Each structure stands twice: as C-alpha cells, then as structure tokens.
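*Asks:* Let me give you the structure first, and then I'll get to my questions.
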Amino acid sequence: MQGFASTKQLFLDLLFPAFCAGCGSEGAVFCDACRALLLFIPPSCFVCKKLVPPADGVPAGRTCAPCRKKSRIYAFFSPFSYDAAGVRTLVHDLKYRRMQGNAAILAGMLYRAIAYHGVVLSRHALIVPIPLYKARERVRGFNQARLIAHALGTRMGIPVRADILLKTKKTAPQMALRREERLTNLVGAFAVSDTESVRNRTIILMDDIKTTGTTLEEAAKVLKAAGAKRIWAITVAH
Ligand SMILES: [Zn+2]
Ligand SMILES: [Zn+2]
C-alpha cells in the first residue's frame, strides 16, 4: 500500500507540481522563506483598524466603542495583508484562473490564524458567505467566498448557509468607483431569503478580501434588519 500511495503521489506531483505562491519556486504552496514572511495580523476594529486585543467578556476584534455608531459589524478578523507575497496570488488565481483548490489552502491559513490569535467563534453561529450576483456567478462558475466559507466551516464545525443572503442587484466593483459612488453603489444590493434562520443568530459574514468594507456593512445591515443578533465579519485578507 505504501508503495502504491507514494507512486500515486509522485505521479500527481509530476502532473501538478506545487509552486510557491510567494516566489514561484517549485516544491510547495509556500516555501519556508515565504511562509516565514506570512504575518498573522492581530484582530482590529472593522472601522478604524485600531488593534483590539481580547478583554473581559469582549472578543478580540470587537468594533471599538467610538466606531459602533458607524457600523453594524460586531467584530472583525482579517489576518493577512492583500499585499503579502503569495496571499494576493492565491486569491487572484482562485477568482480569475479558476484554481478552486486555493479555497481550501486559504481556509487553512485562516484557520491557523484564528487559532493563533485565540479568536473565539460560536459553534451556534452561522457562516454566511457574501453572495455574488447570479449572472456573475454563472460566468465565473462558482463563488470564491462560498468555497472558502465551506472549507472553513468544515474545519471549525460551524454550519454554513450560502442560501440565506442574496445579491439582488448587479453592482459595479467598489474599487472601480469614486468615493461618493461607493457609498450608494451597494444600497439595496442584498436581501435575506430566510428570516427564520437568521433571527437571534450570530452570523459570521465571510468574504475573500475586505476593500472598503462597504460590501460587508451593507450585508450586515440587511441581516440586522432581519433580526440577526450579532454580525462578525471575517475575510482572508484586507
Ligand atoms: Zn516562496
Ligand atoms: Zn474603531
């Protein structure tokens, strides 16, 4: 059996050699040098980015008191910089080169960062990925946030519901817009399909990256309106 397994592995390695997402060298998804550079950014406030360590009864990454008036996000965790060598490559290849295996790699990185920083997520929560507009998902063939959410949910033992939150409006990418346009672009873009499952639940919103935060904020707004208790926001990178 051993011989068979290693022959099979060798065969797969020949067909699909792993290249470091950071520097491109052959051998592993991350070579030792690039892995050492992957920093786990500590939990911070969703709005002002101030670091928020855990305190009595208050989780790490809790939106800080002055920012609570401006946000419906209860707490936030996004452990990687999108500028980090490798992270950007993994996310980009997942979305635009359809390398769906990257979702499990990114979820694994997220899982280790969650454990490293002692971020406590309730098993009674629901993980809800940020949806794509139907037509866009059809073109891409999948929703990357959903793939990452399922991989993380499986590892953490937290249920994932990708059918609860819908993207009901086609919107322009936030990064392509001017500041004023960004604020109105996503208004009314999300809807909750199953209010019953959301009521009094803690929802963990998941996306691959956080850019301006408007997407997560708008999704949080409709989930809160549907009766959700608390909204966490978790992204791989920002
Ligand atoms: Zn490398
Ligand atoms: Zn703040």
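*Asks:* Would you call Val187 surrounded by fewer than 17 Cβ atoms within 10 Å (Cβ to Cβ), in a helix (DSSP H, G or I) and among the hydrophobic types (A, V, I, L, M, F, W, C)?
*Replies:* Details: surrounded by fewer than 17 Cβ atoms within 10 Å (Cβ to Cβ): yes; in a helix (DSSP H, G or I): no; among the hydrophobic types (A, V, I, L, M, F, W, C): yes.
Spelling it out, it is not the case that Val187 is surrounded by fewer than 17 Cβ atoms within 10 Å (Cβ to Cβ), in a helix (DSSP H, G or I) and among the hydrophobic types (A, V, I, L, M, F, W, C).
*Asks:* Considering only residues that are free of Cβ contacts under 8 Å to residues at least 60 places away in the same chain and over 23 Å from Val139 (Cβ atoms), look in the range 199-211 and name the one that is surrounded by the fewest Cβ atoms within 10 Å (Cβ to Cβ). Write out each step before concluding.
*Replies:* In the first step, residues of the range 199-211 are kept if they are free of Cβ contacts under 8 Å to residues at least 60 places away in the same chain; the result is 199-200, 211.
When the remaining residues are screened for being over 23 Å from Val139 (Cβ atoms), the result is 199-200.
Details: Arg199: 12, Asn200: 8.
Across the range 199-211, the extreme among qualifying residues is Asn200.
*Asks:* Can you tell me which of Ala36, Ala85, Ala21 is free of Cβ contacts under 8 Å to residues at least 12 places away in the same chain, away from ligand 2 (no atom under 16 Å from the Cβ), closer than 18 Å to Arg112 by Cβ and not hydroxyl-bearing (Ser, Thr, Tyr)?
*Replies:* Going through Ala36, Ala85, Ala21 in turn, just one is free of Cβ contacts under 8 Å to residues at least 12 places away in the same chain, away from ligand 2 (no atom under 16 Å from the Cβ), closer than 18 Å to Arg112 by Cβ and not hydroxyl-bearing (Ser, Thr, Tyr): Ala36.
*Asks:* Still on this model: So which residues in the range 118-129 are surrounded by fewer than 16 Cβ atoms within 10 Å (Cβ to Cβ) and touching a strand residue (DSSP E or B) at 6+ places or on another chain (Cβ under 8 Å)?
*Replies:* Step one: list which residues in the range 118-129 are surrounded by fewer than 16 Cβ atoms within 10 Å (Cβ to Cβ), which gives 118, 120, 122-124.
Scanning the range 118-129 gives Ser122, His124.
*Asks:* Another question about this same structure. Out of all the residues in the range 35-76, which are within 16 Å of ligand 1 (Cβ to nearest atom) and either buried (at least 20 other Cβ atoms within 10 Å of the Cβ) or charged (D, E, K, R) (or both)?
*Replies:* First, pick out the residues of the range 35-76 that are within 16 Å of ligand 1 (Cβ to nearest atom): 35-39.
If the condition is that a residue be within 16 Å of ligand 1 (Cβ to nearest atom) and either buried (at least 20 other Cβ atoms within 10 Å of the Cβ) or charged (D, E, K, R) (or both), then Arg35 is the only one that fits.
*Asks:* Hey, another quick one. Could you check Val160 against (1) touching a residue at least 40 places away in the same chain (Cβ under 8 Å); (2) under 14 Å from the mean Cα position of the chain (by Cα) and say which number it fails?
*Replies:* (1)
*Asks:* Consider Ala5 carefully, then state whether it is more than 24 Å from Asn143 (Cα to Cα), in the same structural domain as Asp207 (by TED's automatic domain parsing), modelled with pLDDT under 90 and loosely packed, with under 11 Cβ neighbours inside 10 Å. Before you say what the answer is, go through the steps one by one.
*Replies:* Working: more than 24 Å from Asn143 (Cα to Cα): yes; in the same structural domain as Asp207 (by TED's automatic domain parsing): no; modelled with pLDDT under 90: yes; loosely packed, with under 11 Cβ neighbours inside 10 Å: yes.
Here the answer is no, as Ala5 does not meet what is asked.
*Asks:* Also, I was wondering about something else. Take the residues in the range 221-238 that are more than 20 Å from Val119 (Cα to Cα) and small (Gly, Ala, Ser); name whichever of them is surrounded by the fewest Cβ atoms within 10 Å (Cβ to Cβ). Before you say what the answer is, go through the steps one by one.
*Replies:* Of the residues in the range 221-238, the ones more than 20 Å from Val119 (Cα to Cα) are 221-228.
Retained after the next criterion (residues that are small (Gly, Ala, Ser)): 225-228.
On the way: Ala225: 12, Ala226: 20, Gly227: 14, Ala228: 25.
Residue satisfying both the conditions and the ranking: Ala225.
*Asks:* Next question, about the same structure. State all residues of the range 143-157 that are closer than 14 Å to Ala125 by Cβ, touching a residue at least 40 places away in the same chain (Cβ under 8 Å) and out of contact with any helix residue (DSSP H, G or I) (no Cβ under 6 Å at 6 or more places or on another chain); if no residue qualifies, say none.
*Replies:* Residues of the range 143-157 closer than 14 Å to Ala125 by Cβ: 149, 152-153, 156-157.
Narrowing the set further to residues that are touching a residue at least 40 places away in the same chain (Cβ under 8 Å) leaves 149, 152, 156.
Listed by number, the residues that qualify are Ala149, Met156.
*Asks:* Kindly check whether there is at least one residue in the range 98-117 that is in contact with a strand residue (DSSP E or B) (Cβ under 9 Å, 6 or more places away or on another chain) and surrounded by fewer than 19 Cβ atoms within 10 Å (Cβ to Cβ).
*Replies:* yes
*Asks:* While we're here: Taking the range 43-71 only, how many residues are away from ligand 2 (no atom under 13 Å from the Cβ) and either closer than 19 Å to Gly213 by Cα or touching a Cys at 6+ places or on another chain (Cβ under 7 Å) (or both)?
*Replies:* Adding up the residues that qualify gives 1.
*Asks:* If Gly57 satisfies every condition in (1) modelled with pLDDT of 90 or more; (2) closer than 30 Å to Lys224 by Cα but one, which is the exception?
*Replies:* (1)
*Asks:* So, of the residues in the range 82-91 that are within 16 Å of ligand 1 (Cβ to nearest atom) and not aliphatic (A, V, I, L, M), which turns out to be surrounded by the most Cβ atoms within 10 Å (Cβ to Cβ)? Quick ask: steps written out before the conclusion?
*Replies:* Pass one, the range 82-91, residues within 16 Å of ligand 1 (Cβ to nearest atom): 83-90.
Keeping just the survivors that are not aliphatic (A, V, I, L, M) gives 83, 86, 88-89.
On the way: Asp83: 9, Gly86: 22, Arg88: 17, Thr89: 19.
Filtering first and then ranking leaves Gly86.
*Asks:* Only residues in the range 177-198 that are farther than 19 Å from Lys224 by Cα count as the first member; pair them with residues that are assigned to a helix (DSSP H, G or I), Cβ under 6 angstrom, at least 6 apart or cross-chain, and list the lot.
*Replies:* Taking only residues 6 or more apart or on different chains, the pairs are Leu177/Asn185; Arg182/Gln174; Arg182/Thr214.
The values are calculated or read from the model by the stated rules, or taken from the named source; none is laboratory data. Here the structure is a predicted model, which means the values were calculated and not measured. Glycine gets a Cβ as well: all are built from the backbone with ideal geometry, and neighbour counts include every protein chain shown.
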